[in-house]
1. So, in region 1-47, how many residues would count as being within 25 Å of GLN69 (Cα to Cα) and of a type in the set (Ser, Thr, Tyr)?
2. Please verify whether LYS30 is over 12 Å from the mean Cα position of the chain (by Cα), at pLDDT 80 or above and among the basic types (Lys, Arg), treating the condition exactly as stated.
3. Take region 1-52 and flag every residue that is in a helix (DSSP H, G or I) and among the aromatic types (Phe, Trp, Tyr).
Amino acid sequence: MFLHLYLDVQLYNTLDLKTAHDIVDDFEQKIKEQISEIKYGTTHIETETDIEFSVGKRKDLINIFQIKQKILHYL
């Protein structure tokens, strides 16, 4: 069984398009390397808004281990 991961990623609106895509491509690749059940990924890039989000403010905030645990819970 393979999974397709859909992500919405909030990035600073000051980033150029190539940099933003490089960031999400790198993140998708790291997730796929560490969670073998994920074969495909689709990421939608959002620019920052006035709404304060705690996730994504720091690069190390997203813990791939926690993502994996949640995915494996549903398999």
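The values are calculated or read from the model by the stated rules, or taken from the named source; none is laboratory data. Everything numeric here is computed off the predicted structure, so don't read it as measured data.
1. 5
2. So LYS30 fails the test.
3. Within region 1-52, just PHE27 meets the criteria.
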